[in-house]
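Below is one structure; the comments refer to it alone.
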Amino acid sequence: MRLLLIEDYAPLRLSLTSGLREAGFAVDAAGDGETGLWHARGAVYDAIILDLMLPRVDGLTVLGRLRADGYNRPILILTARDTVPDRVKGLDSGADDYLVKPFAFEELLARLRALIRRQYEQKSPLLHLGDLEIDTAARRVRRAGAEVELTAREYVLLEYLACRAGQVVSRRDIWEHLYEFDSPSQSNVVDVYIGYLRRKLDRPPGPSLIRTVRGSGYLLGPQP
């Protein structure tokens, strides 16, 4: 899944970017509100992490402008402003969640997972598709009860397809959700990772869990 982090304090921005990428997220980062707005309006993100005390354009203004644009993706405020009025103002301005600094990184991850599940209308952290089980909290995958070992990139690709199970997902859509703004574009990288997943998930001679829809993209779901 792809995140936008808008945080002006460089050490925290770099630390969070590194930690979130290690957790399997694709992350774009901005150090001021104006750059953050530019990113948010130009790409598709599964969630935005937003500081309030930002240079050039403050966080509440960023939040207000995005919501006025009709932006409906989850936005989590991450700030040192810890009073009840601050929290109320942030939530009433359109934030989906509010986390106060200092914070536990594991709590941030848990809140992000919850926001993303809600966006895809998934209440449980467990996703089931036939005998395939994906634990989005533990980031573990089982097929017919057997553990499937995936790399971080393979896992996030599978989770994204599972959140949209039964829908055809284009290669472009996959790229925009799973790769950072400055990632080098490679025309076949999505196909390559789909191939990796098939080799690890499929049980020959049965049909593949991931179908290719010629000219359109990929679909995760049972064969018709």
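Derivation of every value follows stated rules applied to the coordinates shown; laboratory data play no part. If you're wondering where the values come from, they're calculated on a predicted model, not measured in any experiment. Glycine gets a Cβ as well: all are built from the backbone with ideal geometry, and neighbour counts include every protein chain shown.
Just to confirm the number: angle between the C-alpha axis of helix 59-68 and the first principal axis of the chain, 0 to 90 degrees, nearest 10?
Approximately 60 degrees, to the nearest ten.
Calculate one ³J(HN,Hα) per residue across the range 151-162 by plugging θ = phi - 60° into the Karplus curve 6.51 cos²θ - 1.76 cosθ + 1.60, and present them in order as whole Hz with x for glycine and proline.
So the J values, rounded to whole Hz, are 6, 4, 5, 5, 4, 5, 5, 5, 4, 5, 5, 5.
Please give the FRET efficiency for SER93 paired with VAL192, using the beta carbon to beta carbon distance and R0 = 41 Å, rounded to the nearest 0.05.
0.45
Which loop trypsin sites (Lys or Arg not before Pro) in the range 39-143, with loop taken from DSSP, have no more than 10 other Cβ atoms within 10 angstrom of their Cβ?
Here the trypsin sites (Lys or Arg not before Pro) that fit, given the DSSP loop and packing criteria, are LYS123.
List every residue whose amide H lies under 5 Å from the amide H of VAL57, counting only residues 5 or more places away in sequence or on a different chain, with H placed 1.01 Å from N in the peptide plane.
Residues meeting the criterion, in which the H sits 1.01 Å from N, are GLY33, GLU34.
Enumerate the amide H contacts of GLN167 below 5 Å, restricted to partners 5 or more residues apart or on another chain; note that Pro and chain-start residues carry no placed amide H.
The list, which skips near neighbours in sequence, is LEU220.
HN-Hα J couplings of the range 133-147 from phi, Karplus 6.51/-1.76/1.60, θ = phi - 60°, integer Hz, Gly and Pro as x?
So the Karplus estimates, Gly and Pro as x, are 10, 10, 9, 6, 7, 8, 6, 10, 10, 10, 10, 6, x, 8, 5 Hz.
Whole-Hz ³J(HN,Hα) for each residue in the range 91-98, computed from phi via Karplus 6.51 cos²θ - 1.76 cosθ + 1.60 with θ = phi - 60°, x for glycine and proline: what do you get?
5, 5, 7, x, 6, 8, 7, 9
Would you please give the FRET efficiency between ARG171 and VAL84, computed as 1/(1 + (r/R0)^6) with r the Cβ-Cβ distance and R0 = 30 Å, to the nearest 0.05?
Efficiency for this residue pair is about 0.05.
List the longest stretch of the chain that has no exposed loop site; here a site is one of the GluC sites (Glu not before Pro) assigned by DSSP to anything other than H, G, I, E or B, with at most 11 other Cβ within 10 Å.
For GluC sites (Glu not before Pro) (loop position, at most 11 other Cβ atoms within 10 Å), the longest site-free span of the chain is 1-120.
Quick query: amide H of ALA30 versus all other amide H atoms, modeled in the peptide plane; which residues come in under 5 Å with a sequence gap of 5 or more or a different chain?
Residues meeting the criterion, in which the H sits 1.01 Å from N, are LEU5, ILE6, GLU7.
With the dipole of the range 90-224 worked out from charges on the C-beta (+1 for Lys and Arg, -1 for Asp and Glu) around the Cα centre, which of LEU201, LEU161, THR136 lies farthest toward the positive end?
Value: LEU201.
Return the tail of the calculated pair distribution for the range 73-150, meaning the percent of Cα-Cα pairs more than 20 Å apart.
Considering the range 73-150, 46 percent of its Cα-Cα pairs are separated by more than 20 Å.
Cα atoms only: what Rg and Dmax, in Å, come out for the chain?
Considering the chain through its Cα atoms, Rg and Dmax are 18.4, 61 Å.
I want to check the label-to-label distance for GLU107 and VAL44. Put each point 7 Å from Cα in the C-beta direction and report it in nm to one decimal.
Once both label points are built, they end up 3.3 nm from each other.
Please determine, in degrees from 0 to 90 and to the nearest 10, the orientation of helix 189-201 with respect to the longest principal axis defined by the Cα atoms of the chain, where the helix direction is its Cα long axis.
Roughly 60 degrees, rounded to the nearest 10.
How much of the DSSP bridge set in the chain is antiparallel, in percent, rounded to the nearest 5?
DSSP beta bridges in the chain are roughly 50 percent antiparallel.
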